[in-house]
Structure formats: C-alpha cells, structure tokens
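A quick write-up on the structure given underneath.
The values are calculated or read from the model by the stated rules, or taken from the named source; none is laboratory data. Being a predicted model, the structure only gives us computed values, none of them experimental. For neighbour counting, all protein chains shown are included, and Cβ atoms are generated from backbone atoms with ideal geometry for every residue, glycine included. Each accessible area value is taken on the protein alone, full model and side chains, heavy atoms only, with ligands, DNA and RNA left out. Shrake-Rupley method; radii C 1.70, N 1.55, O 1.52, S 1.80 Å.
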Amino acid sequence: AKMAAAASDLLTGWCLFGLALLVILVFCWIYVRKYQSRRESEVISTITAIFALAVALISSALLPVDIFLVSYMKNPNGTFKDWADANVSRQIEDTILYGYYTLYSIILFCVFLWIPFVYFYYEEKEEDDGNTCSQVKTALRYTLGFLTICAVLLLIGAFVPLDIPYKKNSTEWEKVKLLFEEFGSSHGLTALSFSISSLTVIGMLAAITYTAYGMSALPLNLIKGTTSAAYERLENTEDIEEVEQHISRIKSKCRDGRPLSSRDRRTVQQLEERLRTLRRRERHLEFIEKSWWAKFCEALRPLKIVWGVFFAIVALLFTVSLFLSNLDKALHSAGFDSGFIILGTNLTNPLNMLLPVLQTVFPLDYILITTIVMYFIFTSMAGIRNMGIWFFWIRLYKIRRGKTRPQALLFLCMILLLIVLHTSYMIYSLAPQYVMYGSQKYLVQNNSYILLLILAFLLDQCIVTRTYLFLHKFWFFSAVYYFGNWAFIAVFLIGLIVSCCKGKKSVIEGEVDEDDSDMSDDELSVYYH
C-alpha cells in the first residue's frame with residue numbers, strides 16, 4: 001500500500017512537472033513572439049531566445065522545489081516520515097543537487113557558447129548575406145573568446161579554492177598529483193560551482209541595474225496608468241501645426257530667389273525629421289484610439305490598480321526584509337572573512353515573521369516563496385523592457401513590442417539567465433532560516449535557540465537544502481553578495497523617487513522615437529486592431 005501510494009505520488013509529481021513545463025514553454029513562446037520584430041525574425045534566434053528564457057524560468061523554480069522536498073521528509077512533530085530513511089533522504093538530496101548542476105551546466109552552455117554563437121552569426125549575416133560558411137567561421141572565432149573565459153573560470157575553480165592537506169615532506173610532483181586526484185574525486189563540481197558563482201556576481205550587477213528599477217517602476221506605472229490616446233492625439237496635432245508653420249516661415253525667406261543659409265537649411269532638416277516623427281505618432285495614436293484591445297485594457301484599469309498596489313506591497317516587503325537581514329549580518333556576523341554568514345536570526349524581518357505563520361496552512365508558505373521568486377523574475381523583465389540594454393553609458397538596444405531586434409532578445413535572455421543565478425541568494429538574504437531548512441521542525445530539550453540550531457544540523461535532525469550548501473561553497477562570493485544587497489536597496493530607493501516624480505507614461509511609450517532607424521508602421525494593425 002505504501003509503495004502504491006508512493007508510486008501514485010510520483011506519477012502525480014511527474015504530471016504536474018510536465019504541465020508546468022508546458023505552461024513555461026507556451027509563455028516563453030508568447031513573450032518572445034510579442035516583442036520580436038516580424039521583419040527581422042529568424043528561426044535560430046527565436047528558438048534560442050525561447051529556450052534560454054525557459055531555462056531561466058525553470059531554474060528559478062528550483063529553490064521552492066528544494067525547500068518543499070526537504071520539508072516533506074519530516075512530520076509536523078519533528079520526526080522523519082517512515083519512508084524517509086537515510087538512503088532515501090540521501091537520494092533526494094543528490095537528485096536536487098544534480099538537478100542544480102544540470103540546469104547550471106545548461107546555463108553555462110547558453111551563456112558561453114550557444115547565445116554568443118547565434119548573436120555573432122546573426123551580426124555577420126547582416127553584413128554578409130552570401131557565404132554561410134564564412135558566417136559560421138566568424139561566429140565561431142568570436143565565440144572562442146567566451147569559451148576561453150569559461151575555461152579559465154573552470155580551471156580557477158578546480159584548483160585555487162581547494163584546501164588539500166599536503167604532507168610536510170611532499171614533493172612538488174606529489175602535490176600536483178594529489179591536486180589532480182582531488183579534482184577527479186569531486187568530478188569537477190567545485191569547478192562548476194566557482195564558474196556559476198562568478199556568473200552570479202555578474203547577475204548581481206544586472207539585478208542591481210534592472211531588477212531594482214523594475215521593482216520600483218512596475219507598481220507605480222500600473223497605478224498611474226497611461227495618458228489618454230485622444231488627449232495625446234490632440235496635443236500631437238497641435239505640435240504638427242506648429243512645426244509646419246515654423247518650416248513655412250523659414251522657407252518664406254527664399255521666395256525672392258535667395259538661397260537659405262546653411263543654418264536655416266539645418267534647421268529645416270531637423271524640423272522635417274521632427275514632423276515625420278509627429279506624423280508617425282499620429283498614425284500610432286489613431287490606431288490605438290480605434291483599437292478594441294486598447295478599449296478592453298481601459299476597461300481593466302481598476303484591476304491594474306489592484307495589481308499595482310499588490311506589487312508595491314511585495315516590493316516594500318522585499319526591500320524592508322532585505323534591509324533588516326543585511327543589518328543583522330552587519331551587526332552579528334563574523335565579518336568579511338566569513339562572508340557575513342550568520343546562524344539563526346537576531347533581527348527578525350517581515351518575511352521571516354510571515355513564513356512561519358503561513359507554514360501552519362499548507363501550502364501557503366510555498367505559494368509565497370514562489371510568488372516572490374516569480375516577482376523577482378518578472379520585475380527584471382519589466383526593468384529591462386523599460387530601460388533597454390546598455391553597455392555602461394551607451395544604449396545598445398531597445399525592447400519594444402513587435403519591433404525588438406533578434407540581438408536584443410538574445411541579450412535580454414542572457415541577462416535573465418544571469419539574474420536567475422542571483423535569485424537564490426537574494427531569497428536566502430530575505431529568509432535565511434527558511435531557505436536553509438524550510439518548514440522542518442525538530443525535537444527540543446533546551447531553550448537555547450542558536451545552540452539547538454547547530455545541534456540539529458550536527459545530529460542530522462534537519463536536512464539542509466542543497467541551495468544553502470551551493471551558495472556558501474566560497475565565502476568571498478558571499479561577501480560580494482552582501483555588499484551587492486546594499487547597492488540593490490540604494491538603487492531601488494532612487495528608482496522609487498524617480499518613478500514617483502515622473503508623470504504618466506505615454507500610451508505609445510517607446511513605440512515611436514526620433515532616433516529609431518528600424519521603425520515600421522506596416523504592422524500596426526497586428527498589435528492595435
């Protein structure tokens with residue numbers, strides 16, 4: 001009977017996993033197709049973007065699954081379930097760990113090989129439409145640089161961080177031999193961990209740039225809404241008339257046959273470009289004003305306000321919890337040399353208070369932690385969409401509905417892959433004890449909380465999540481993440497102030513810009529009718 005129940009649970013789990021995977025793939029396909037340019041779409045870049053985005057979302061779901069599995073092995077009274085003996089527990093732990101390594105290996109493959117190759121192949125194709133073999137060779141040559149970086153990170157991770165007990169009288173050859181034996185015994189997992197941790201630092205920088213801004217901008221944009229299409233069209237018509245009159249006044253100077261001065265010619269050229277942009281805006285606004293989709297979205301305005309308030313509450317909960325957690329580390333951790341790691345919680349935060357309450361009603365705590373993870377991902381998407389893709393002060397690409405270039409989508413997916421790597425540490429910073437042990441309970445004989453927490457770990461009363469062990473394999477990365485959390489809070493507050501000061505967004509925000517060279521009005525009916 002127990003075996004039948006276990007088999008039934010396993011079958012149900014696989015069915016739910018398949019359904020979730022299907023939903024993720026459908027969402028990724030819709031998202032990529034919504035933003036990619038129809039005129040520049042390519043099969044290879046589309047498949048790459050969909051796959052990379054799906055890997056990012058699946059990887060972000062590992063943390064809730066990890067927490068659920070270690071919690072599911074114990075009863076509410078702190079004892080292990082009958083089926084969760086030492087062998088079964090070890091199998092589950094290894095399965096989770098290898099799940100992490102598999103997905104993280106795929107992320108390494110995407111970041112260092114697949115996405116760079118497709119990006120450079122498409123760049124070369126734009127310059128030379130003739131020789132496919134030449135395009136592949138050039139793309140491989142540029143991708144080789146990324147592979148070199150990956151190889152260097154793997155080598156550093158394989159050899160530098162290991163603490164190998166050499167004998168006092170060991171020769172150099174014996175030390176090297178022992179080093180390779182240690183590397184072989186770990187199957188290169190330490191090297192992979194170091195590479196992933198290095199990429200996580202880059203993901204931290206991306207989260208500070210895009211996610212922090214997205215968390216502040218998304219809720220306020222939903223609450224404030226957009227300006228009326230009719231009002232914008234009226235203003236745009238007035239601007240068109242003003243520019244036309246200005247052009248007429250300048251051109252009237254040459255009615256007697258005199259040529260315009262170079263200054264006037266430059267002014268007329270700038271005004272004519274401005275006029276073309278305004279007329280393009282007029283066409284967009286006219287389409288939106290007649291669009292049934294725009295009218296449907298306007299009817300959903302109250303629902304958007306509710307979602308905006310909800311997202312604002314989650315953002316404030318996230319930020320306050322992160323601040324208190326970082327403050328706790330600053331006051332009670334062992335300092336920089338330990339990576340600011342602490343056992344237990346000295347300063348409680350709203351999320352740490354809320355999760356134990358939700359644990360009493362299954363599965364509210366898992367719903368909350370999953371919601372926070374998904375919120376982190378979707379606000380990252382919103383931040384990238386609003387800001388575009390930048391290289392320091394140079395804007396490389398814009399993310400626009402139906403007009404995003406394939407290279408921009410590839411960049412977006414790569415940034416999301418890197419941000420996902422940093423998500424686990426962010427969630428750990430918010431609720432360290434919950435990420436370590438989930439909802440597990442243990443038998444107590446003493447009131448000393450910290451002592452019991454350590455003893456529970458040492459006596460195997462509680463099973464630590466693989467996420468926690470993975471995060472703290474290298475202490476110096478934990479120290480970098482700690483300072484990154486402070487930077488994240490600062491950028492969030494700056495973004496919140498900027499978003500509050502800004503007015504309502506245009507109903508065609510980002511659709512028409514003067515510096516767009518690849519804009520086309522041929523597909524307006526696809527999006528606005």
Residue check: is residue 345 in a helix (DSSP H, G or I) and either at pLDDT below 80 or closer than 28 Å to residue 469 by Cβ (or both)? no
Could you run through region 38-69 and say how many residues are in a loop (DSSP other than H, G, I, E, B) and either touching an Asp or Glu at 6+ places or on another chain (Cβ under 6 Å) or open to solvent by less than 30 Å² (accessible area, probe 1.4 Å) (or both)? 1
Filter result (hydrophobic (A, V, I, L, M, F, W, C) and either in contact with a Cys (Cβ under 8 Å, 6 or more places away or on another chain) or more than 20 Å from residue 238 (Cβ to Cβ) (or both)) within region 277-303: 292, 293, 294, 296, 297, 299, 300, 303
Qualifying residue in region 73-81 (condition: assigned to a strand (DSSP E or B), open to solvent by 50 Å² or more (accessible area, probe 1.4 Å) and within 29 Å of residue 430 (Cβ to Cβ)): yes
Consider only pairs whose beta carbons are under 9 Å apart and that are at least six residues apart or on different chains; among these, list those whose first residue lies in region 213-231 and is crowded, with 20+ Cβ neighbours inside 10 Å and whose second residue is of a type in the set (Val, Ile, Thr) and in a loop (DSSP other than H, G, I, E, B). 229/507; 229/508
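Right, residue 317: out of contact with any Asp or Glu (no Cβ under 8 Å at 6 or more places or on another chain), part of a helix (DSSP H, G or I) and open to solvent by 50 Å² or more (accessible area, probe 1.4 Å) or not?
On the way: out of contact with any Asp or Glu (no Cβ under 8 Å at 6 or more places or on another chain): yes; part of a helix (DSSP H, G or I): yes; open to solvent by 50 Å² or more (accessible area, probe 1.4 Å): no.
It is false that residue 317 is out of contact with any Asp or Glu (no Cβ under 8 Å at 6 or more places or on another chain), part of a helix (DSSP H, G or I) and open to solvent by 50 Å² or more (accessible area, probe 1.4 Å).
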Residue count, region 348-389 (criterion: in a loop (DSSP other than H, G, I, E, B), of a type outside the set (S, T, N, Q) and open to solvent by 10 Å² or more (accessible area, probe 1.4 Å)): 3
Within region 164-185, does at least one residue satisfy the condition of being at pLDDT below 80, surrounded by 14 or more Cβ atoms within 10 Å (Cβ to Cβ), in a helix (DSSP H, G or I) and of a type outside the set (A, V, I, L, M)? yes
For region 264-282, does any single residue satisfy the condition of being over 39 Å from the mean Cα position of the chain (by Cα) and either buried (at least 16 other Cβ atoms within 10 Å of the Cβ) or hydrophobic (A, V, I, L, M, F, W, C) (or both)? yes
Of the numbered conditions (1) polar (S, T, N, Q); (2) free of Cβ contacts under 8 Å to residues at least 12 places away in the same chain; (3) not in a helix (DSSP H, G or I), residue 270 satisfies every one except a single condition; which is it? (3)
